[in-house]
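Everything on this sheet refers to the single structure shown next.
The values are calculated or read from the model by the stated rules, or taken from the named source; none is laboratory data. This one's a predicted model, so the numbers in the text were calculated from it and none came from an experiment. When we count neighbours, we look across all protein chains shown, and the Cβ atoms used for this are built from the backbone with ideal geometry, even at glycine.
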Amino acid sequence: MDDIVKQALAKWPNVPHCYGWLGLDARGNWYMRDDRTQAQGPFRSAKGSMLRHDKLIEFIHRNYEHDAEGQWFFQNGPQRVYVELEAAPLVWRVAQQGANTFTVTAHTGAPAEVTGCLLDEEGRLYLAAPAGLGLVHTQDVGIAAEAVEQGLWTPEAVQAADLPGRFGHVLSPAERHAAAAG
């Protein structure tokens, strides 16, 4: 977390959390969701405006984490901006470094060590890592298939709907917050 964020948290500890305004799609793109977009429906059906400002995206990446309930958020100064997830909290980029050496990096740039490989009913490939569950970026599925073919990763068949419960992440903190508010 950036030092400036830590200082803002100390200065303004009681800023209310923000829900529904930021989304992460299955390709690792960030979306801003204004009131009009949120009124059109959940993130999967109404994404909003894709962020394109590199410095803002880098700031989000450095301050992206999860709470104890598995809700992923971006700590924006003193305010926690909870993220709507299309598929998973992380999107993995996979690269082949040698004949049987593969590297995995999160959309945030953080490296990962793969601890599990999963394939859902739609043919989407997920990788588990200590940082959390992530979906393999569509452009890298062919590279990941090489690791599978070499026996480095063995996909386990899963249902996508079961993944949040199994891996402890929340796809829609906004829906959870609304339900709790009642």
List, please: which pairs have Cβ atoms under 6 Å, are six or more places apart or on different chains, and start with a residue in the stretch 82-106 that is within 16 Å of Leu125 (Cα to Cα) and end with one that is in a strand (DSSP E or B) and among the charged types (D, E, K, R)? Thr105/Arg93
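Yes/no per residue for (1) at pLDDT below 95; (2) more than 23 Å from Arg176 (Cβ to Cβ); (3) over 19 Å from the mean Cα position of the chain (by Cα):
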position: Gln7; (1), (2), (3): yes, yes, yes
position: Ala10; (1), (2), (3): yes, yes, yes
position: Leu22; (1), (2), (3): no, no, no
position: Gly48; (1), (2), (3): no, no, no
position: Gly70; (1), (2), (3): no, no, no
position: Ala112; (1), (2), (3): no, yes, no
Looking for whichever is modelled with pLDDT of 95 or more and out of contact with any helix residue (DSSP H, G or I) (no Cβ under 7 Å at 6 or more places or on another chain) here; the options are Leu171, Leu119, Leu133. Which one fits? Leu119
Give Gly109, Gly142, Gly123, Gly151 a once-over and let me know the one that is in a helix (DSSP H, G or I) and loosely packed, with under 14 Cβ neighbours inside 10 Å. Gly142
When the stretch 87-100 is examined, which residues are found to be farther than 13 Å from Leu133 by Cβ and either assigned by TED's automatic domain parsing to the domain that holds Glu175 or modelled with pLDDT of 95 or more (or both)? Arg93, Val94, Ala95, Gln96
